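Below is one structure, written out as structure tokens; the observations come after it.
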Amino acid sequence: MKILYIAEIVGKAGVYAYKKALPELIQQKNPDFIIACADGATGGNGLGRNHAAYIHKLGARVLTTGECCFYKKDLTENLEKINYVLRPDNLNIEAPGTGSRVFKCGSEKIAVAVLLGQNGFGRIHSNNPFSGLPALLERLRQETSMVILDFHAQATGEKQTLLAMAAGHCSAIIGSHCRVQTADEQIIEGTAYITDAGRTGSSVSVGGCDTDAKIGEYLSGIQDWTRDAWDKPQMEGVLLDLGTDGRAISIERIRKPVQPAPETSANDEIPDEVVSNEVVSNEAVTNG
């Protein structure tokens with residue numbers, strides 16, 4: 001089973017790079033299942049309902065989020081109905097949506113779950129990801145041996161500690177949030193791991209965001225998400241190859257540059273496509 005994980009899509013340039021790179025990447029790598037981190041797809045922070053439907057329609061079977069999961073009201077109000085979008089699993093039980101699901105893939109099933117780290121997130125409060133991990137993995141492994149964890153965390157040490165705890169008990173742990181691809185992909189006890197899969201968007205930027213805006217943010221102390229970065233867009237991520245027993249056979253880093261659109265890129269709107277009542281999909285078979 002080949003699983004393509006697309007690193008965090010950041011802003012319009014990220015959606016553009018995803019749209020342009022994915023068809024050729026599918027042709028080259030022939031993945032069976034596609035996961036996309038979309039926590040920054042809308043304006044660089046958060047995921048709107050329209051962008052969620054558009055990214056899903058282009059090929060991603062499941063979209064993961066992180067600390068920005070509730071930033072866009074139109075998505076938050078519909079999370080209960082959009083079963084291909086996952087928010088972190090270790091939030092309060094009354095939070096909308098779900099953090100883990102089992103999806104059909106041909107004759108197989110794949111479980112995908114999101115966990116949120118506890119370091120550096122001041123606008124959202126999560127439960128300890130380590131405390132609930134054994135029960136989460138046990139529950140998902142009752143349905144399938146193929147379990148993918150997206151660990152949306154800021155601290156490298158926290159991600160590596162989760163690997164130490166979960167190695168041998170899941171198929172892969174893919175780090176997200178930092179938006180800088182690390183070169184530490186490895187397999188430990190059948191579990192594939194990378195500290196951060198990177199980002200999909202401008203490669204000459206600050207985490208996919210405009211450099212001048214970010215410099216101004218650090219000088220003023222006022223957060224600025226108003227300008228997209230478009231210099232050298234590319235898609236990043238990882239390709240996993242899993243055996244039928246759910247153990248990882250290989251993990252390969254992906255970095256695929258795309259040509260920017262002619263001159264008008266920064267002003268072009270990526271289509272916000274939503275098919276009426278398309279929010280419910282038959283791809284997920286359970287909440288996990």
Could you pull out every one of the helices (runs of 4 or more DSSP H) wholly within the range 1-83 that has 1 or more residues that are farther than 27 Å from residue 224 by Cβ? 11-29, 49-58
Considering only the range 85-94, state which residues are closer than 18 Å to residue 129 by Cα, of a type in the set (A, V, I, L, M, F, W, C) and open to solvent by less than 20 Å² (accessible area, probe 1.4 Å). 86, 91
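Would you point out the residue of the range 1-59, among those that are among the small types (Gly, Ala, Ser) and open to solvent by 10 Å² or more (accessible area, probe 1.4 Å), that is modelled with the highest pLDDT? I'd like the intermediate steps shown before the answer.
Taking the range 1-59 and keeping what is among the small types (Gly, Ala, Ser), we get 7, 11, 13-14, 17, 21, 36, 38, 40-41, 43-44, 46, 48, 52-53, 59.
If we keep only those that are open to solvent by 10 Å² or more (accessible area, probe 1.4 Å) as well, we get 43, 59.
Details: 43: 90, 59: 97.
Ranking the candidates gives 59 first.
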Mind checking whether some residue in the range 196-208 is out of contact with any Lys or Arg (no Cβ under 9 Å at 6 or more places or on another chain) and surrounded by fewer than 17 Cβ atoms within 10 Å (Cβ to Cβ)? no
Residue 82 is checked against (1) of a type in the set (Val, Ile, Thr); (2) farther than 22 Å from residue 4 by Cα; (3) open to solvent by less than 10 Å² (accessible area, probe 1.4 Å) and fails just one. What number does that condition carry? (2)
Inside the range 162-187, can you point out the residues that are under 22 Å from residue 63 (Cα atoms) and either of a type in the set (Asp, Glu) or open to solvent by 20 Å² or more (accessible area, probe 1.4 Å) (or both)? 177, 178, 179, 180, 181, 182, 185
Checking residue 131 against (1) farther than 22 Å from residue 18 by Cβ; (2) part of a helix (DSSP H, G or I); (3) touching a His at 6+ places or on another chain (Cβ under 9 Å), which test does it fail? (3)
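Kindly provide the set of residues from the range 74-118 that are at positive phi and either without any contact (Cβ under 8 Å) to a residue 60 or more places away in the chain or within 19 Å of the chain's Cα centre (by Cα) (or both), ordered by number. Break it down into steps so the answer makes sense when it comes.
The first filter runs over the range 74-118 and keeps only residues at positive phi, leaving 97, 106.
Of everything in the range 74-118, just one residue is at positive phi and either without any contact (Cβ under 8 Å) to a residue 60 or more places away in the chain or within 19 Å of the chain's Cα centre (by Cα) (or both), namely 97.
Which one of these is open to solvent by less than 30 Å² (accessible area, probe 1.4 Å), of a type in the set (D, E, K, R) and either part of a helix (DSSP H, G or I) or over 21 Å from residue 71 (Cβ atoms) (or both): 159, 109? Walk me through it before giving the result.
Details: 109 fails: open to solvent by less than 30 Å² (accessible area, probe 1.4 Å).
Testing whether each residue is open to solvent by less than 30 Å² (accessible area, probe 1.4 Å), of a type in the set (D, E, K, R) and either part of a helix (DSSP H, G or I) or over 21 Å from residue 71 (Cβ atoms) (or both) leaves just 159.
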Return the residues of the range 133-148 that are open to solvent by 40 Å² or more (accessible area, probe 1.4 Å) and either within 19 Å of the chain's Cα centre (by Cα) or within 20 Å of residue 92 (Cβ to Cβ) (or both); say none if nothing qualifies. 134, 135, 139
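Wholly within the range 175-288, which strands (runs of 3 or more DSSP E) include no fewer than the required count, namely at least 2 residues that are modelled with pLDDT under 75, under 24 Å from residue 65 (Cβ atoms) and among the aliphatic types (A, V, I, L, M)? Reasoning before the result, please.
Details: elements: 186-188, 191-194, 199-202, 233-242, 248-257, 284-286.
By residue number, 284-286.
Considering each of 151, 130 in turn, give the residue that is of a type in the set (Phe, Trp, Tyr) and surrounded by fewer than 24 Cβ atoms within 10 Å (Cβ to Cβ).
130
The values are calculated or read from the model by the stated rules, or taken from the named source; none is laboratory data. It should be emphasised that the depicted structure is a prediction, and the values quoted were computed from it without experimental measurement. For neighbour counting, all protein chains shown are included, and Cβ atoms are generated from backbone atoms with ideal geometry for every residue, glycine included. Heavy atoms of the whole protein, side chains included, go into the accessibility calculation; ligands, DNA and RNA do not. Shrake-Rupley method; radii C 1.70, N 1.55, O 1.52, S 1.80 Å.
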